[in-house]
Amino acid sequence: MTSAALDPYPSPEQREREADERAAKLVAAGFACERVEYGQSVEGRPLRAIALRAPGVGDSAPKVLVCANIHGPEFIGNRIAHGLLAAALAPTAPAPLTALLARAQLWIAPCLNPDGYARTWARAGRGALPELRHNARGVDLNRNWPLPAGARRLPLPGAGSDRPGDATYRGAAPLSEPETASLDALLAAQGFHASANLHSFMGTLFPARVCDRPSFVAYRQLCRALRANQAKTRYLRLASRLFDTFTGEQEDHQHHTRGCWSVCVESFPLLASFRQHLRAPALFWRFNPHDPRPWVDNDLPGVAAFLLASLDRPAPR
């Protein structure tokens, strides 16, 4: 199925075929590559990751993870995640990715919210934010993670709402949704050393919320590596040891509970979005560029550089 309304982004079926085809090409090129089904969505769609290990890399090498599309309309993150698979096969892969693949096992979960993706596709990207952003039970999956032990949620905008229908409705309980519960089981089982989680559309880096100075400095340096390797547009890091709050986001849970360096990468900056459309014809085009390729090329080396730089640090404790 194709839709001119969202061209050049793939339909759900095309997205899955693309992943299968790239996995097969990686195997043919000598990589150890496996499609792992780690759960199912509310509507029964498979939740899949691709586990990739370059020739010569042992199965005891550290594992790093790239996630995307936890929010339904944020297709550009999915394109960057798939771009990593394509770049792994390219004869001139970005240097940070080549170095990363020589030292680590790369896992990619390119669509954490397949029901939201399918709904966005079926509606040609039109609808209110909660209608497209949420999973099939109306939950913002990136507010459905447990808070770190002892943390509390401040009543700030965007910090996660307890009201169904709100854009950041956090659900009945932490990990109440199969998408988050299944991913958390994967995190626990695989022990990832670092993770980059791809979103849109702010052109901003949000590392996990940390209060201790060593971790804060470490994230500053890791994000500096990411920014230094972005091809053209370098994103601002937003972080504070004091003026911040825990919101039930994936990065905080990964860092504090799963011992994983983690950053949210908001691709396709706000200014670029408004340059594209002062008034977008559909909500989808507020979140996604008409041509994803420049943003894939811009962000892919930086994501790889963040993960690569994390390998020189012990896991968070």
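The values are calculated or read from the model by the stated rules, or taken from the named source; none is laboratory data. All values derive from a computational prediction rather than experimental measurement. Don't worry about glycine lacking a Cβ; one is built from the backbone with ideal geometry, like all the others, and counts go over all protein chains shown.
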Matching residues, the stretch 232-260, being hydrophobic (A, V, I, L, M, F, W, C), modelled with pLDDT of 95 or more and surrounded by fewer than 22 Cβ atoms within 10 Å (Cβ to Cβ): Leu236
Qualifying positions in the stretch 222-277 - assigned to a loop (DSSP other than H, G, I, E, B) and among the charged types (D, E, K, R): Lys232, Arg234, Arg241, Asp244, Glu249, Arg258
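Confirm whether Pro110 is closer than 20 Å to His134 by Cα, crowded, with 17+ Cβ neighbours inside 10 Å, touching a residue at least 60 places away in the same chain (Cβ under 8 Å) and in contact with a Ser or Thr (Cβ under 6 Å, 6 or more places away or on another chain). Talk me through it step by step, then tell me what you get.
On the way: closer than 20 Å to His134 by Cα: yes; crowded, with 17+ Cβ neighbours inside 10 Å: yes; touching a residue at least 60 places away in the same chain (Cβ under 8 Å): yes; in contact with a Ser or Thr (Cβ under 6 Å, 6 or more places away or on another chain): no.
No; evaluated as a whole, the condition is false for this residue.
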When residues of the stretch 195-231 are limited to those that are more than 28 Å from Ser60 (Cβ to Cβ) and aromatic (Phe, Trp, Tyr), the one surrounded by the most Cβ atoms within 10 Å (Cβ to Cβ): Phe201
Filter pass, Leu270 being closer than 25 Å to Leu187 by Cβ, modelled with pLDDT of 95 or more and out of contact with any Lys or Arg (no Cβ under 6 Å at 6 or more places or on another chain): no
Lone unmet requirement of (1) touching a Gly at 6+ places or on another chain (Cβ under 7 Å); (2) among the polar types (S, T, N, Q); (3) within 30 Å of Asp312 (Cβ to Cβ) for Ser182: (3)
Ala167 free of Cβ contacts under 8 Å to residues at least 40 places away in the same chain and under 24 Å from Glu266 (Cβ atoms): yes
Residues being touching a helix residue (DSSP H, G or I) at 6+ places or on another chain (Cβ under 9 Å), surrounded by fewer than 18 Cβ atoms within 10 Å (Cβ to Cβ) and of a type outside the set (A, V, I, L, M) - total across the stretch 138-152: 3
Counted residues, the stretch 261-289 - those being free of Cβ contacts under 8 Å to residues at least 60 places away in the same chain and either surrounded by 19 or more Cβ atoms within 10 Å (Cβ to Cβ) or out of contact with any helix residue (DSSP H, G or I) (no Cβ under 6 Å at 6 or more places or on another chain) (or both): 6
One residue from Gly39, Gly72, Gly77 being within 22 Å of Pro292 (Cα to Cα), touching a residue at least 12 places away in the same chain (Cβ under 8 Å) and not in a loop (DSSP other than H, G, I, E, B): Gly77
Tally of residues being buried (at least 22 other Cβ atoms within 10 Å of the Cβ) and either under 18 Å from Arg35 (Cα atoms) or of a type in the set (Phe, Trp, Tyr) (or both) across the stretch 84-106: 7
Candidate set from the stretch 158-198 (those that are among the hydrophobic types (A, V, I, L, M, F, W, C) and in a loop (DSSP other than H, G, I, E, B)); member that is farthest from Glu37 (Cα to Cα): Ala159
Qualifying positions in the stretch 168-194 - closer than 14 Å to Glu249 by Cα, surrounded by 17 or more Cβ atoms within 10 Å (Cβ to Cβ) and of a type outside the set (Ser, Thr, Tyr): Arg170, Gly171, Pro174, Leu175, Glu177, Glu179, Leu183, Asp184
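Results for (1) under 19 Å from the mean Cα position of the chain (by Cα); (2) of a type in the set (Ser, Thr, Tyr); (3) exposed (fewer than 13 other Cβ atoms within 10 Å of the Cβ); (4) modelled with pLDDT of 95 or more, shown as yes or no for each residue.
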{"position": "Arg15", "(1), (2), (3), (4)": "yes, no, no, yes"}
{"position": "Lys25", "(1), (2), (3), (4)": "no, no, no, yes"}
{"position": "Gly44", "(1), (2), (3), (4)": "no, no, yes, yes"}
{"position": "Arg48", "(1), (2), (3), (4)": "yes, no, no, yes"}
{"position": "Gly58", "(1), (2), (3), (4)": "no, no, yes, yes"}
Selection from the stretch 158-212 of residues that are within 18 Å of Cys67 (Cα to Cα), out of contact with any helix residue (DSSP H, G or I) (no Cβ under 9 Å at 6 or more places or on another chain) and of a type in the set (S, T, N, Q): Ser182, Gln190
